[in-house]
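A quick write-up on the structure given underneath.
We did not get these values from a lab; they are worked out from the coordinates using the rules stated. In this text the structure is predicted, and so the values were computed from the model without any measurement. Quick reminder, even Gly has a Cβ in these numbers, built from the backbone with ideal geometry, and neighbours come from all protein chains shown.
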Amino acid sequence: MFKKTWWESVFPMLKNMSVDEIREKLNNSNKSLSEFVTTKKIGDYIYFDEQNEKWTIPQGMFKKTIDGNRIYAYNDILNYEIIEDGNSLSKGGVGRAIVGGALFGGVGAIVGGKTGHKQKQTCTKLQIKITLNNINHPIEYITFISAETKKDSLLYKSSFELAQQILSMLNIICQSNSSSIKENFVNLFYYNSKSHSFSYSSSPNCFSGSR
């Protein structure tokens, strides 16, 4: 069986790139990193640069570092959801309201919303999934819990609280993105209407326009 080289294992995306492409990628990463100024953190799970409307998920198990190639603009976010053991608890995104009880009611709302069903007393995985308009990184995950954890434990409750805070921030960003899209559409419509004059006529087309 063919054994992968260290380079291929650690840098699978780079093995098919030219030296110039790698150099450009590193330069872009360094530029993004130098321009990113953290103004808001939610735990050590996500950092925001509110002035430049950018965000990133820091990497690393113990010492968190920022990857310049994984700094995103606010308008890169398409949708998001909180997932517990494979089940979506709440989701939202650009152009749609948030659905589910996780954002507004906390742990109690999720449990209360499933009355009549036997509830699991533990959680094995708790994540937020963010879908992006980015070819290289179309999906990012924020993982809070990755091992079996009791739901009445401090770890679960504090993790869920942090997930709620992140969901709230993502919701604010997506609503702002939706407003920007609507504003751009209105401005485009206004520009087009100013560029054309319309008049009613008795012809079969009813309306005629001249530029």
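For ILE145, nonlocal amide neighbours, meaning residues 5 or more places apart or on other chains whose placed amide H falls under 5 Å from its own, are LEU126.
Extension gain, ASN133 to GLU35: 0.36 nm times the residue separation minus the Cα-Cα distance gives 33.2 nm.
Of the cross-linked pairs LYS63/LYS91; LYS41/LYS151; LYS41/LYS129, those separated by over 21 Å at the C-alpha level are LYS63/LYS91; LYS41/LYS151. Working from label points 7 Å from Cα in the Cα-to-Cβ sense, the GLU148 to ALA73 distance is 4.6 nm.
Stretched out straight at 0.36 nm per residue, the stretch from THR65 to THR124 would grow longer than its current Cα-Cα span by 18.7 nm.
Annotation for ASN87 and LYS157: the two label points, set 7 Å from Cα along the Cα-Cβ direction, are 2.1 nm apart. Looking at the stretch 134-171, which GluC sites (Glu not before Pro) are in a loop (DSSP not H, G, I, E or B) and have at most 12 other Cβ atoms within 10 Å? The qualifying sites are GLU148.
Listed peptides 62-73, 162-173 appear in the order 162-173, 62-73 once ranked by packing, highest mean of other Cβ atoms within 10 Å at the front.
Listed by Cβ neighbour count within 10 Å, with the fewest neighbours leading, VAL94, VAL37 appear as VAL37, VAL94.
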